[in-house]
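Presented below is the structure to which this report refers.
The values are calculated or read from the model by the stated rules, or taken from the named source; none is laboratory data. Note that the structure is predicted; figures quoted are calculated from it, not measured. Note: ideal-geometry Cβ built from the backbone for every residue, glycine included; neighbour counts use all protein chains shown. Only protein heavy atoms, including side chains, enter the accessible area calculation; ligands, DNA and RNA are left aside. Shrake-Rupley method; radii C 1.70, N 1.55, O 1.52, S 1.80 Å.
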There are 2 protein chains.
Amino acid sequence: MGIYDLSNEMVIGIDIGGTNTKYGLVNHRGQIFDKGDIKTDGYATIEEYVDALHSAIYPLIQKFEKNYQLKGIGVGAPNGNYYTGSIEYAPNLPWKGTLEIANLISKKFGVPCTLTNDANAAAMGEMMYGAARGKKDFIMITLGTGVGSGIVCNGQVVYGHDGFAGELGHVIVRPGGRKHYSTGAHGSLEAYCSATGITVTAKKLRAENPDSILNDIPEEQVDSKSVFDAAEKGDTVAKEVFRYTGQILGEALANFIMFSSPEVIVLFGGVIKAGDYIMKPTREHMEKNLLPIFQNKVKLVFSELKEADAAILGASALVWEQ
Amino acid sequence: MGIYDLSNEMVIGIDIGGTNTKYGLVNHRGQIFDKGDIKTDGYATIEEYVDALHSAIYPLIQKFEKNYQLKGIGVGAPNGNYYTGSIEYAPNLPWKGTLEIANLISKKFGVPCTLTNDANAAAMGEMMYGAARGKKDFIMITLGTGVGSGIVCNGQVVYGHDGFAGELGHVIVRPGGRKHYSTGAHGSLEAYCSATGITVTAKKLRAENPDSILNDIPEEQVDSKSVFDAAEKGDTVAKEVFRYTGQILGEALANFIMFSSPEVIVLFGGVIKAGDYIMKPTREHMEKNLLPIFQNKVKLVFSELKEADAAILGASALVWEQ
């Protein structure tokens, strides 16, 4: 960001998910002028998909370009590589191999396009518009179906030498521990602290505790939400599910803090809806595992962006950073 | 570093240890014109210590300042804070509280002075003159009496919001594991992979294996060196000491890689003299615990700086970075 006036500029944020692609036109304050979505699947080639994206977005650009100049497009996507502008072997997308998406979008729309993965985009969104505004050192952890992360040091997203830095969901927190449902690794953070991991923990604990009302939940409905409801009814086993999850998350956060000493850790995603059931043990075990010089310093906060808009805002923030 | 000629400039690197302080006059290629040392203890106040340092170094400055302009002084010290220029509550130094050492040295010598901790200084030395020359993303791990680290992302040392980032020796790698001899934490990397940790592992394993020739070593001589000698004689328990240490180190390195995706990890310190006994299991378990996108990419190398000079060179590199 220069010191010149940004108030007559706009950017587009695009969030590419496995099923849907969301987009929005955004100003430098994070206000979304207009937004929409298209299906991600249903296109034989990436080129056809970009054409469809352009057809959907172009009318919105026309509507606002009288008053706002389109500065660029930011894209968040699974396995999106900031350095190359390519999506590389994303398991959840319909197209295989290396997809030069930034280049294709830039050519089609006639403005610069910047790509990164969804978790890094989320971190950028928090730094530009949200809970990490003005912070130069922070870590963003997304706790959803999986566990993702975006790391900012010295005001810059940490991309590493190859663009793949910040895979904190795959850090091993319990050597030889629970097998990951997709990578096969034993004891990774994601295997315990994702929504998927919480379901596993709940099923394990209810099997061991036949008196728990968790046993009243139909097998396919055991999730973070139904376990939360049981905890609210006073079920100690349901509370233990979150306590256990929080302990492992807190221990992991302590290790991350001793790596990059962030001022703030921003948490985002469905799992944090369990509130204090998970956050109290998280804080407790985070502090307990820190060297004294790091204790009682790091703020643990929730994202300030609306969940429905966060991905669009995060992607849009990439443009302002340039 | 600008693009102007550095060949007629020199800097001073000072390494403050608990017992001795080493210093050297260094050019931009890492050549040491002259060096020396004074005792760190034996001075009632930090001011008297700085006076003594000046008395020792000033004659060397006079000798070289005809041909080389003194550009500045870099200091590496335990708990040295880059942001404040102060040593903050270092347990191993004779003076207590916060020591404004950079300020005192700068006033006394009449040139700028930059401070950081010893492990960050070591990383700077490798980036300026050693195994990480030209690398923008790397991690330096020092395996000595303790385990220290310096992290470089995007060409900059990661200091974190408070200057204390990079305490990778205190990351918990075995939750609930071995108690640390000084911090009291359970299962930290330093408790296993420092020279001190290796001694503990050796004593534990020789107790469990009465046939091992490790039992022939006098209690106070059980260390990395004597265990290495036993391994060289073919003792399988001695080899297991290093294999176990290497496994834990490798697992920790995998976690660090998934954080910042470095191009290189530089290892330094007495422990690496065990060579393949420790490095083979380190590499094996590092690769095994990485997500596929990180596998077979990260170079694991030894420091290229002479052990006796590395601390001086690292401290001196701080000045060139400015």
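A 1.4 Å probe run over the protein chains yields, for region B:138-303, 37 Å² of accessible area per residue, whole-number rounding.
Under 23 Å of direct C-alpha separation, and excluding same-chain neighbours fewer than eight residues apart, residue A:39 reaches these lysines: A:22, A:63, A:96, A:107, A:108, A:306. Put simply, the protein assembly as shown fits an ellipsoid with semi-axes of 44, 34, 22 Å; these come from the alpha carbon gyration tensor as the roots of five times its eigenvalues, largest first. Expressed as an acute angle from 0 to 90° and rounded to the nearest 10, what is the orientation of the C-alpha long axis of helix B:195-208 relative to the principal long axis of chain B? So the inclination is approximately 10 degrees.
Sum up the charges of everything whose Cβ sits under 12 Å from the Cβ of residue A:90, counting Lys and Arg as +1 and Asp and Glu as -1, but leave residue A:90 out.
Numbers: positive: A:96; negative: A:88, A:118.
Local net charge: -1.
Between identical copies, the spacing of residue A:299 label points, each set 7 Å from Cα toward the C-beta atom, reads 4.1 nm from nearest to farthest.
Under a point-charge model restricted to the Cβ atoms of Lys and Arg (+1) and Asp and Glu (-1), what is the dipole moment magnitude of region A:228-322 relative to its Cα centre, in debye to the nearest 20?
Numbers: 10 positive and 13 negative charges, 49 e Å.
Dipole about the Cα centre, nearest 20: 240 debye.
Residue B:258 sits with roughly 0 Å² accessible to a 1.4 Å probe, with DNA, RNA and ligands left out of the calculation.
If you average the C-alpha positions of region A:17-51 and of region B:15-48 separately, how far apart do those two centres end up, in angstrom? About 60 Å separates the Cα centre of region A:17-51 from the one of region B:15-48. Interface residues of region A:161-178, defined as those with an accessible-area decrease of at least 30 Å² between the chain by itself and the complete set of protein chains (probe 1.4 Å), are A:161, A:162, A:164, A:167, A:170, A:171, A:172, A:175. About its Cα centre, region A:138-303 has a charge dipole of approximately 300 debye under the convention of +1 per Lys or Arg Cβ and -1 per Asp or Glu Cβ, with nothing else charged.
Comparing Cα centroids, region A:178-202 and region B:70-143 end up 41 angstrom apart. Would you mind counting up the charge near residue B:268? Only other residues with Cβ under 9 Å from its Cβ, with Lys and Arg at +1 and Asp and Glu at -1. Around residue B:268, the surrounding residues sum to -2. For region B:138-303, list log₁₀ I(q)/I(0) at each q in 0.16, 0.18 Å⁻¹, using the Debye formula over Cα point scatterers of equal strength and ignoring solvent, two decimals each. Debye output, listed in q order: -0.90, -1.10. For chain B, the longest principal axis of the alpha carbon atoms and the long axis of helix B:276-288 meet at an angle near 80°. Place a point 7 Å from Cα of residue B:208 in the direction of its Cβ. Which residues in region A:163-178 have their backbone N less than 20 Å from it? Under cut-off, by backbone N: A:174-177. Normalised Debye scattering of region A:1-87 at q = 0.12, 0.19 Å⁻¹ gives log10 I(q)/I(0) of -0.39, -0.92, counting only Cα atoms as equal scatterers and leaving out solvent.
Rounded to two decimals, the Cα radius of gyration of chain B over 2.2 N^0.38 Å is 1.04.
Of interest is the spacing of the C-alpha centroids, which for region B:296-322 and region A:285-322 amounts to 32 Å.
Per atom type, region A:132-210 shows carbon and sulfur on 51% of its accessible surface, probed at 1.4 Å.
Size of the dipole of the protein assembly as shown about the Cα centre, Lys and Arg at +1 and Asp and Glu at -1 on the beta carbon, nothing else charged, in debye to 20?
On the way: 60 positive and 74 negative charges, 37 e Å.
Dipole of the protein assembly as shown, to the nearest 20 debye: 180 debye.
Using a 1.4 Å probe over protein heavy atoms, the accessible area lost on pairing B with A, summed over both chains, comes to approximately 3200 Å².
Taking Cα atoms only, the orientation of helix A:307-321 departs from the longest principal axis of chain A by about 50 degrees. Our coupling estimate for region A:28-43, obtained by passing each phi through the Karplus curve with A = 6.51, B = -1.76, C = 1.60 and θ = phi - 60°, is 6, 8, x, 7, 9, 5, 7, 8, x, 8, 10, 5, 7, 8, x, 10 Hz, Gly and Pro reported as x.
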